[in-house]
Amino acid sequence: MNLPILSILIFFPMLGVVLITMLSRENQWVIKWTTLVVAVLEFIFSLPIWFRFNSDTAAMQFVERLNWFPSYGISYHIGIDGISLLLVLLTTFLTPICVMACWKDIQDKVKEFMICLLFLETGMIGVFCALDLFLFYIFWEVMLIPMYLLIGVWGAPARRIYAAVKFFLFTMFGSLLMLVAILVLYFYHHKVTGVYTFDLLKIYGLQIPFQMQFWMFLAFALAFAIKVPMFPFHTWLPDAHTEAPTVGSVMLAAVLLKMGTYGFIRFNMPLFPEAAWYFVPLFSVLAIIGIIYGALVCMMQLDLKRLIAFSSVSHLGFVMLGLFTYNMAGVQGGIIQMINHGLSTGALFLIVGIIYERRHTRLIAEFGGLSTPMPIYAAIFMVVALSSIGLPGLNGFVGEFLILLGAFKVNKIYAILAASGVIFAACYMLWMFQRVMFGVVTNEKNRNLPDLSMREIAYLAPLILFIVWIGVYPNTFLDKTKASTANFVAQMERAKAPKVALVDVIKGDIR
Amino acid sequence: MIEYVWLVPLVPILGFLFNGLLGKRVPKWLVSLVGCSVIGIPFLIVILIFREYLQLPADAKPVEVVVYNWISSGNFNALAAFLVDPLSLIMMLVVSGVSFIIHIYSVGYMHDDEGYPRYFSYLNLFVFAMLVLVSANNFLLMFVGWEGVGLCSYLLIGFWYEKQSASDAGKKAFVVNRIGDFGFLLGIFLIFWTFNTINFREVFSIAGTNFEVGSLVITAITLLLFVGATGKSAQLPLYVWLPDAMEGPTPVSALIHAATMVTAGVYMVARCSALYVLAPVSLTVVAIVGAATAILSASIGLAQNDIKRVLAYSTVSQLGYMFLACGVGAFVAGIFHLMTHAFFKALLFLGSGSVIHAMSGEQDMRHMGDLKKHLPITYWTFIMATLAIAGIFPFAGFFSKDEILYKSLVDGHILYWLIAAAAAFMTAFYMFRLIFMTFHGESRVDHEVLHHVHESPPVMTLPLIALAVLSTIGGFVGIPIIEGANVFHDFLAPAIAHVHRPEIHYPISFEVSMMVVSVIIALLGINTAYRMYIKRPELPQIVTEKIPLLYDLIYHKYYVDELYAATVVNPIKVGSDFLWKGVDEQVVDGAVNGSAGVIEWLSYHIRKLETGYVQNYALAILIGVFIIAGYYLGR
């Protein structure tokens, strides 16, 4: 039986959207349950790609290829390898959790909210599966719409419009140059081979002159760096995260940011390998600045969501540093850290959402002593916080360790500087935790806060399960990425950065 | 049984899970039963393994037990695997044994605490991490235990989380330890990229065959690892967290901050002795840091009035001794002192706990005195531990401390010996000062409190007695001079590397006379304390008034905390605040909002051109035509 499983995964949520549009908006309960059933089914449907995935090959699997606009060389070409596999699963895993998390939170325009959520899922999975640049670009842009609405409509009233517009403009701005670069690639491929195609796997084979690689790398990198976000393109993130509703922040942090790092490893590096080597110092330094700068800024935050947002800047810096090492440990660490960040930071936003729902404030100073009224909450929060600061035995450590190990081989100074971020992470996380959870209850409103409900425990428990699993037995996941990473590393090793001065590249004086 | 060594760390974690998840719903006795037996069982297993190990043929030793492949990426492999050798066996025995005793004691001490199940689950988790630390066969798994004990230390120091000072102290401990761990982690990276493996035995054998004494990379590795040790074992300059760690419950101080966790650094250095002997520079650093810490913290201990703080500084000082031993190449002496120290220092802390318990929570010795008759068992066990730490023959501390003093003289430098001897004098002094202030002299106890003073229940005094026995006879496993009587040394020898230096034989009479000297030094200390606190209680006041500056300096712990706050903590806070409000909001985001503003401004003005009057547009077209025509005509 050869079902087009990836297509099912991409379009099944859309089916849910259609279904929900037909439901009466009065019946919130039915809408929520329908969404949940769709999201859970989607997760179940995604399990075969885990079990039937062949870890021994780096080739694309579950490939589907249909000519879409054959005259323009546009095809509906999708498939996954070890790098995208985990990201697709992360998406299908988190969506039902998000539906459960917003059960009580979202009371207004429930129908539209659920439509946005499922629409978003389609877009995200599409991005991770697309193997045609045109198709990829469509999914990439389509995803903006539901996210924009999630922030702008259901966000915190005060600044949601500012945050939504900022998010939208930032991403659009980056994407436009990427579109230009995609078109350049398209025409260049025709010039060299006489064939018009947007097919990524075919374009991989192109030998692109360094001069051209240089500019195209930058054009793609801008789009992805904004999404990651790398310093100094990160300022949309704290606003978007802070103003978005809980579920929006979760999706944003857990999956949307990964589209940036994924873009680097799927497009930037293999398409323009020589330029990718050339830019190692620049991007590693930006990544390290992100790690340290994000952590330091984190320390002073007064708003819980802003704090977690800045911690993302720091954590994603680790991912970028890992990817740019081009060795097994660093790249595998980077990939697994994408998943780790999705789980840990996703969980952190959910956890903050839980007290936001009870108290309608995100200010750290409003809390204190919550461990006493909410002991279960305290325990789960502690595990997630520890996972985020990279405690051995939990997931974050595995990723950070491999990344730093890989980085150490490339450049000891990089590793030393980046490792200092681990110290700062402990500072800001534990300090935040202390101010929120420890001490005596000083604010009367906190005295009788109810502890976690069964629903809340139910959606946090799976996250904790994977936080521990990846920490204790990461090979389950590392094995899946092994072949693809090895292939990527080998691909990168074949290329080397030419020794040219930057000025000459810009002037175009290279032979 | 050896192949089941993984059960040793595994069983305690079951207790952690049980008490953590179900502890609140089951009766208290079940919490205690589970909490204690998950430590007692591993202790028994270790004893069985120990016996089995002794019977193994020499070529079957040491034993490595692989459980599974933990992290593998490229050619990097970190196994979840254990090493059973003399060093890990000793450590497992000490850790599980002392932990068991302290768990029993905790049943009494923590009995009325609301967080009883939480306490036991944390304590079980700690033992798990500590056992992983000492039984791992590679650097990364050791690091798991290393950070794990740090976590538990954090959780247990801040156990009474409603107290601001407790949660502050917990956080401080974690962060300072992280600074050390940062060094440790870099050390692991360097080890892997140098040796292509992180397995202890492989690393050590490659190092022994492929690297010269004094090799730069080995020196770097050992120094980085030692940074980790200074954090975990509270040595200069990272010792500052340990005194504050006394905010935790007293049995925790006994177990984690005296007997086991803080000795992890010493264990690690001894474990890596094969690397350290290749790096004379690192050894010197270890010795100097150890000696400096020993004397510095002993001097702080002279002037503290909080019973637990005296013991805390004493611990830091004794750890300094152990590092001094390692630094002069006497790794076995370091481990020996680690073991005897675990006995007597755990006893001292538990004894102080018994005092604090009796005094309804009072820790200030200025409000104690003459407690001897109220707390006879506590008193007598305390005396034995104090004699042991002071180094009086034939208590356990005598043998180990004397060995360190002797080795620091013959294998080190006369300066090391002088410093160590001075610290030994101070140790004897402040410990007996503590005894005299607490148990002897006039009672300064509050009347309310005195009414309730009582000896602790058997569940607390029996552990005291058990440890008192160990503190008394524990040293006999390492009798010097007599050939073959140093069982401890002979057992441990295969696991420890030796410094390559010409062997010098000193006459036995020299060694014996050094022993006598060290006992005399201790007696002098005791005598001084007796004169100052029993015979002439007004003396301390007079002395402090004579040397006000020095006393102030010591009393305020040399202002090191203040120094760190001013030079490290505050600059980081101020800098971070600037990064956020200055750089991030003004510059980076300012550029974004600024460009948006420029566009808005431009649009606002360009908009004015769009008047909607056809005449204006016609005029604009006409002007355009003239310009273009003019351009072509004028060319």
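The values are calculated or read from the model by the stated rules, or taken from the named source; none is laboratory data. Since this is a predicted model, take the numbers as computed values, not measurements. In this analysis, Cβ positions are derived from the backbone assuming ideal geometry, glycine residues included, and neighbour counts consider all displayed protein chains. Quick note on the areas: whole protein, heavy atoms, side chains included, nothing else; ligands and nucleic acids left out. Shrake-Rupley method; radii C 1.70, N 1.55, O 1.52, S 1.80 Å.
Applying the condition of being charged (D, E, K, R) and under 30 Å from B:Arg444 (Cα atoms) to region B:370-419 and asking which residue is surrounded by the most Cβ atoms within 10 Å (Cβ to Cβ) yields B:Lys372. None of B:Leu186, B:Leu190, B:Leu156 is in contact with a helix residue (DSSP H, G or I) (Cβ under 7 Å, 6 or more places away or on another chain), in a helix (DSSP H, G or I) and more than 11 Å from every other protein chain (Cβ to nearest Cβ) except B:Leu156. Quick one: would you say B:Tyr68 is open to solvent by 40 Å² or more (accessible area, probe 1.4 Å) and more than 27 Å from the chain's Cα centre (by Cα)? Taking the combined requirement at face value, the residue satisfies it.
Selection of region A:354-376 for residues being away from chain B (no Cβ under 14 Å) and open to solvent by 10 Å² or more (accessible area, probe 1.4 Å) yields A:Tyr356, A:Glu357, A:Arg358, A:Arg359, A:His360, A:Thr361, A:Arg362, A:Leu363, A:Ala365, A:Glu366. Out of all the residues in region B:65-84, which are at the interface with another protein chain (Cβ under 8 Å from one of its Cβ atoms) and either assigned to a strand (DSSP E or B) or of a type in the set (A, V, I, L, M) (or both)? If the condition is that a residue be at the interface with another protein chain (Cβ under 8 Å from one of its Cβ atoms) and either assigned to a strand (DSSP E or B) or of a type in the set (A, V, I, L, M) (or both), then B:Tyr68, B:Asn69, B:Trp70, B:Ile71, B:Ser72, B:Ser73, B:Phe76 are the ones that fit. If you filter region A:483-496 down to residues that are open to solvent by 10 Å² or more (accessible area, probe 1.4 Å), assigned to a helix (DSSP H, G or I) and farther than 15 Å from A:Gly322 by Cα, you find that the one that is farthest from the other protein chains (Cβ to nearest Cβ) is A:Arg494. Of the numbered conditions (1) more than 25 Å from the chain's Cα centre (by Cα); (2) surrounded by fewer than 18 Cβ atoms within 10 Å (Cβ to Cβ), B:Asn19 satisfies every one except a single condition; which is it? B:Asn19 satisfies every listed condition except (2).
Taken over region A:125-165, the criterion of being crowded, with 23+ Cβ neighbours inside 10 Å and charged (D, E, K, R) is satisfied by A:Asp132 alone. Here the helices (runs of 4 or more DSSP H) wholly within region A:387-458 that include at least 1 residues being without any contact (Cβ under 8 Å) to a residue 40 or more places away in the chain and either touching a strand residue (DSSP E or B) at 6+ places or on another chain (Cβ under 7 Å) or within 11 Å of another protein chain (Cβ to nearest Cβ) (or both) are A:395-410, A:412-437. Looking only at region A:173-203, count how many residues are open to solvent by less than 10 Å² (accessible area, probe 1.4 Å) and among the charged types (D, E, K, R). Count: 1. Residues that are open to solvent by 100 Å² or more (accessible area, probe 1.4 Å) and of a type in the set (A, V, I, L, M) within region B:591-618 comprise B:Ile599, B:Leu609, B:Val614, listed in sequence order. Is one or more of the residues making up region B:523-542 hydroxyl-bearing (Ser, Thr, Tyr), away from every other protein chain (no Cβ under 14 Å), touching a residue at least 60 places away in the same chain (Cβ under 8 Å) and within 25 Å of B:Gln235 (Cβ to Cβ)? No, region B:523-542 contains no residue that is hydroxyl-bearing (Ser, Thr, Tyr), away from every other protein chain (no Cβ under 14 Å), touching a residue at least 60 places away in the same chain (Cβ under 8 Å) and within 25 Å of B:Gln235 (Cβ to Cβ).
In the set (1) closer than 17 Å to A:Val468 by Cα; (2) within 14 Å of another protein chain (Cβ to nearest Cβ), A:Gly342 fails one condition alone, (2).
Evaluated against (1) loosely packed, with under 10 Cβ neighbours inside 10 Å; (2) within 14 Å of chain A (Cβ to nearest Cβ), B:Glu545 falls short on exactly one condition, (2). Condition check for A:Asp239 on (1) open to solvent by 10 Å² or more (accessible area, probe 1.4 Å); (2) touching a Lys or Arg at 6+ places or on another chain (Cβ under 6 Å); (3) among the charged types (D, E, K, R): one failure, at (1). The set of residues from region A:444-476 being crowded, with 17+ Cβ neighbours inside 10 Å, of a type in the set (Phe, Trp, Tyr) and closer than 16 Å to A:Leu391 by Cβ comprises just one member, A:Phe466. Residues that are of a type outside the set (Phe, Trp, Tyr), in contact (Cβ under 8 Å) with a residue 12 or more places away in the chain and surrounded by 20 or more Cβ atoms within 10 Å (Cβ to Cβ) do not occur anywhere in region B:210-217. At least 1 residues being crowded, with 18+ Cβ neighbours inside 10 Å and touching a helix residue (DSSP H, G or I) at 6+ places or on another chain (Cβ under 7 Å) is the threshold, and among the helices (runs of 4 or more DSSP H) wholly inside region B:420-524 those reaching it are B:458-473, B:487-492.
In region B:571-592, the residues that are closer than 18 Å to A:Phe170 by Cβ and facing another protein chain (nearest Cβ under 8 Å) reach residues that are part of a helix (DSSP H, G or I) and of a type in the set (A, V, I, L, M) with C-beta atoms within less than 8 angstrom, at least six apart or across chains, in these pairs: B:Asp584/A:Val297.
The residue of region B:63-76 that is nearest to A:Val331 (Cα to Cα), among those that are without any contact (Cβ under 8 Å) to a residue 60 or more places away in the chain and of a type in the set (S, T, N, Q), is B:Ser73.
When you check B:Thr194 against the structure, is it among the hydroxyl-bearing types (Ser, Thr, Tyr), free of Cβ contacts under 8 Å to residues at least 24 places away in the same chain and either in contact with a strand residue (DSSP E or B) (Cβ under 7 Å, 6 or more places away or on another chain) or more than 29 Å from B:Tyr4 (Cα to Cα) (or both), yes or no?
The answer is no for B:Thr194.
On the basis of being without any contact (Cβ under 8 Å) to a residue 60 or more places away in the chain, of a type in the set (Phe, Trp, Tyr) and within 13 Å of another protein chain (Cβ to nearest Cβ), does B:Phe128 make the cut? No. Among the residues of region A:77-96, just one is surrounded by fewer than 23 Cβ atoms within 10 Å (Cβ to Cβ) and under 25 Å from A:Thr21 (Cβ atoms), namely A:Pro96.
Residue check: is B:Asp552 open to solvent by less than 70 Å² (accessible area, probe 1.4 Å), closer than 25 Å to A:Cys427 by Cα, in a helix (DSSP H, G or I) and at pLDDT 80 or above? Answer is no for this residue.
Does A:Ala379 fit the bill of being out of contact with any Asp or Glu (no Cβ under 7 Å at 6 or more places or on another chain) and open to solvent by less than 10 Å² (accessible area, probe 1.4 Å)? Against the criterion (out of contact with any Asp or Glu (no Cβ under 7 Å at 6 or more places or on another chain) and open to solvent by less than 10 Å² (accessible area, probe 1.4 Å)), A:Ala379 does not qualify. In region B:579-590, the count of residues that are among the acidic types (Asp, Glu) and exposed (fewer than 13 other Cβ atoms within 10 Å of the Cβ) is zero. Looking at region A:204-226, can you tell me whether even one residue there is open to solvent by less than 10 Å² (accessible area, probe 1.4 Å), assigned to a helix (DSSP H, G or I), in contact with a Pro (Cβ under 6 Å, 6 or more places away or on another chain) and of a type outside the set (Asp, Glu)? Looking for residues that are open to solvent by less than 10 Å² (accessible area, probe 1.4 Å), assigned to a helix (DSSP H, G or I), in contact with a Pro (Cβ under 6 Å, 6 or more places away or on another chain) and of a type outside the set (Asp, Glu), one finds none in region A:204-226, hence no.
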